[in-house]
1. Just the number please: accessible area per residue for region 17-351, 1.4 Å probe, all protein chains included, in Å².
2. At a 1.4 Å probe, what is the % contribution of carbon and sulfur to the accessible area of region 17-351?
3. By the scheme Lys and Arg +1, Asp and Glu -1, what is the net charge of all other residues having a beta-carbon under 15 Å from that of PHE332?
4. Using only alpha carbon positions, build the gyration tensor of region 93-217, then give the equivalent ellipsoid semi-axes as the square roots of 5 times its eigenvalues, largest first, whole angstrom.
5. Taking amide H atoms as placed 1.01 Å from N in the peptide plane, list the residues 5 or more away in sequence, or in a different chain, whose amide H sits under 5 Å from that of ARG17.
6. Please arrange LEU337, LEU348, LEU209 by accessible surface area, largest first, computed with a 1.4 Å probe and ligands excluded.
7. Output ³J(HN,Hα) for region 308-315: one whole-Hz value per residue in order, computed from phi by the Karplus curve 6.51 cos²θ - 1.76 cosθ + 1.60 with θ = phi - 60°, and x for Gly and Pro.
8. Across region 165-182, in residue order, what do the Karplus-derived ³J(HN,Hα) couplings come to in whole Hz, using 6.51 cos²θ - 1.76 cosθ + 1.60 with θ = phi - 60° and x for Gly and Pro?
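The values are calculated or read from the model by the stated rules, or taken from the named source; none is laboratory data. Everything quoted here is computed from the prediction, not taken from an experiment. Positions of Cβ are backbone-derived with ideal geometry, glycine not excepted, and every protein chain shown enters the neighbour counts. SASA here: full protein model, heavy atoms, side chains in, ligands and nucleic acids out. Shrake-Rupley method; radii C 1.70, N 1.55, O 1.52, S 1.80 Å.
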Amino acid sequence: MGVVMKAATLSERVTGRVSDFGPLFEYTVKLVLLTSFLELVLYRLVSRLGMHLSKLAADHPWITPTFTALTEVGTWLLNIVAVLLFLALTLALLNRWRGPEISRLSKLGSVGAALLVLLTVAFLVVQPGMLGAVVYNGLTLLVLTVFASEYVMTHREPAQRVLAVTYYLGVSGWLYYQIVSTIYSLAGTIAAPPLVYESHRVGEALMILASFFVFVAYGKSKSLSLRTRNRRQRNRAMWFWSTTGVVFAALIVADYLLEFFSPAFASAFRQASQGIGWIFQFGMGYTFYLPFALYVGGLLCWSYTVMKLLMIGRLAGYGIGLMFIAGYALLFSNLTLMVVLGVMLLTLDRVKPTVAESLPAAGGPVVPATDGLAHGQA
């Protein structure tokens, strides 16, 4: 019985590790995350920063060659990310299909993801046009709907379910904006599409909210809990949360404080923040219409949680990392596939049966073996 409980506990401990699916899958997913992050920094952000600093190129000759080289490296990484995404999605689909428990919902999601990959390859040869864009975004919305439903059904933690629903609604806001706007453009109507502006704004707000739920669902630890009985951990948690509250409040009222003490510096600070917002808007789709502190807080919650999960090898860390590295505006097919792969990895990271649930199944053959020994002794 002790051996059974030890085996069940070990099975639960290694649940959701990227190493459970073989070395090829493990290193492919790791390379996808690494190259995607570098592509985000060097191509989608640094190249926009170079455009923003083009006015200073006349006074600083090093700006143009430096940012040109970085942009070329980012473009090179973009192609590598695309190849790795195709390989990672293929391996993820094979692992999902060969799983011990395959539901109809899981099969539907896998088939939809495979069709999305094939459609992406087809659009590399044939220009999709507006109709192709509607079909592609519509299929993406369907696939994400299936995966989000599967995640909610297979994960019992309320915080994890809230995270899945919030992120899904956030991405759906962007997809609705794209689908409806493209349909109206394809139809040639001059009427404004219904609720596209509102869906875009609400979707961005939900994406920021989802970054906070990432910490609630996966980033919480006993070392940051105020309920712990350990005095050292409780003092550390009090310092952490008090510092976080002070910094967050300072970011909220920073503009008003700067305007009160130095209007000139406040104006320069606003211009710099607008420049940063322009870079992230073109690179990730965020318009920064919400208070800047919310974006900073969401980034900190996301980065802390991803680093924590990656250190223990959880698939959820790779999935959450890719989901938010893709950004809000899925303007390119590689960003769409990045989100789909991230959600797939998140669904693969699930809790196996607990010790109490595993004991009846594992304890069956143990008792008959004992009885057999007893009869043999008789």
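1. 53
2. That share works out to 70 percent.
3. Taking every Cβ under 15 Å from that of PHE332, the sum is +1.
4. Semi-axes from the Cα gyration tensor: 28, 23, 10 Å.
5. Amide H neighbours of ARG17, under 5 Å, 5+ apart: LEU315.
6. Solvent-accessible surface, decreasing: LEU209, LEU348, LEU337.
7. 5, 5, 5, 5, 9, x, 7, 4
8. Coupling constants for region 165-182: 5, 5, 5, 4, 5, x, 5, 5, x, 5, 5, 4, 4, 5, 5, 5, 4, 5 Hz.
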